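> Just dropping this structure here.
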2 protein chains.
Amino acid sequence: MIAKTPQAPYYAVIFSTLRTDIDKGYLEAAERMEELAKQQKGYLGIESVRNELGITVSYWDSLEAILKWKNNVEHTAVRGQGRAVWYKKYQLRICKVERDYGFEKEE
Amino acid sequence: MIAKTPQAPYYAVIFSTLRTDIDKGYLEAAERMEELAKQQKGYLGIESVRNELGITVSYWDSLEAILKWKNNVEHTAVRGQGRAVWYKKYQLRICKVERDYGFEKEE
């Protein structure tokens with residue numbers, strides 16, 4: 001559930017969202033987008049949580065990979081539906097991960 | 001709930017966590033850290049969601065501000081408790097936000 005990313009630097013897309021109350025088609029589309037993202041060149045991993053606020057962070061090996069994913073035809077169509085139907089508000093931030101640190105408790 | 005951040009570039013700290021089943025002191029510490037972060041120079045905002053996975057993203061105006069916050073005495077002590085007690089696993093990623101886009105539905 002925590003993405004196993006390589007040594008920095010790499011890229012992250014932070015997608016912070018507030019939903020409308022219209023659920024129709026949302027879950028299917030979200031699952032399909034995650035499945036499709038995983039097939040893209042340069043995809044490194046994804047972390048996603050939702051309560052009232054949703055945060056999905058996807059990780060990529062380059063800005064080019066992010067741009068290609070943005071321009072994917074199916075993804076573009078679903079983004080249009082997102083703005084029209086599922087999302088009340090969102091912010092999308094494209095970031096360069098410069099350093100990272102991990103911790104795991106010994107059992 | 002979605003942070004109102006300034007025009008990029010600025011910085012983000014993505015803190016992805018898996019908790020132990022020990023709740024004692026956790027919520028109070030998390031709230032205190034959020035309150036303390038807000039008082040730091042260079043703090044821009046925070047977004048936080050938890051289900052099984054937790055993702056907290058804090059935003060900062062510089063790497064220097066992040067480093068100062070990391071070295072804050074109270075924050076350092078609480079991080080030690082976090083590793084000892086509350087977190088099974090975490091990943092902390094320090095990022096430069098290079099571009100961002102917002103969407104808000106017209107009412």
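> Within region A:49-64, does at least one residue satisfy the condition of being under 14 Å from the mean Cα position of the chain (by Cα) and over 24 Å from B:Pro9 (Cα atoms)?
Among the residues of region A:49-64, at least one is under 14 Å from the mean Cα position of the chain (by Cα) and over 24 Å from B:Pro9 (Cα atoms), which makes the answer yes.
> Just one of the numbered conditions (1) out of contact with any Gly (no Cβ under 8 Å at 6 or more places or on another chain); (2) within 9 Å of chain B (Cβ to nearest Cβ); (3) within 22 Å of B:Ala12 (Cα to Cα) is not true of A:Leu92; which one?
(1)
> State whether the residues of region A:30-49 include one that is exposed (fewer than 13 other Cβ atoms within 10 Å of the Cβ), more than 10 Å from chain B (Cβ to nearest Cβ) and of a type in the set (Asp, Glu).
Within region A:30-49, one or more residues are exposed (fewer than 13 other Cβ atoms within 10 Å of the Cβ), more than 10 Å from chain B (Cβ to nearest Cβ) and of a type in the set (Asp, Glu).
> Would it be correct to say that B:Arg83 is facing chain A (nearest Cβ under 7 Å) and closer than 26 Å to A:Glu52 by Cα?
Numbers: facing chain A (nearest Cβ under 7 Å): yes; closer than 26 Å to A:Glu52 by Cα: no.
Criteria not met by B:Arg83.
> When only residues in region B:63-98 that are touching a residue at least 24 places away in the same chain (Cβ under 8 Å) and surrounded by fewer than 14 Cβ atoms within 10 Å (Cβ to Cβ) count, which is nearest to A:Gly102 (Cα to Cα)?
Taking the candidates together, the pick is B:Gln81.
Listed here are the residues, each with its yes/no results for (1) closer than 19 Å to A:Asn51 by Cα; (2) of a type in the set (Gly, Ala, Ser).
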| site | (1), (2) |
| --- | --- |
| B:Leu18 | yes, no |
| B:Lys24 | no, no |
| B:Ala29 | no, yes |
| B:Leu36 | no, no |
| B:Leu53 | yes, no |
| B:Ser62 | no, yes |
| B:Ile66 | no, no |
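> Looking at (1) more than 7 Å from chain B (Cβ to nearest Cβ); (2) in contact with a strand residue (DSSP E or B) (Cβ under 9 Å, 6 or more places away or on another chain); (3) within 23 Å of B:Glu104 (Cα to Cα), which one does A:Leu63 not meet, given that it meets all the others?
(3)
Since every read-out is calculated from the coordinates, none of them should be taken as a lab result. Quantities reported herein were computed from a predicted structural model and do not represent experimental measurements. Cβ: placed from backbone, ideal geometry, glycine included. Neighbour counts: every protein chain shown.
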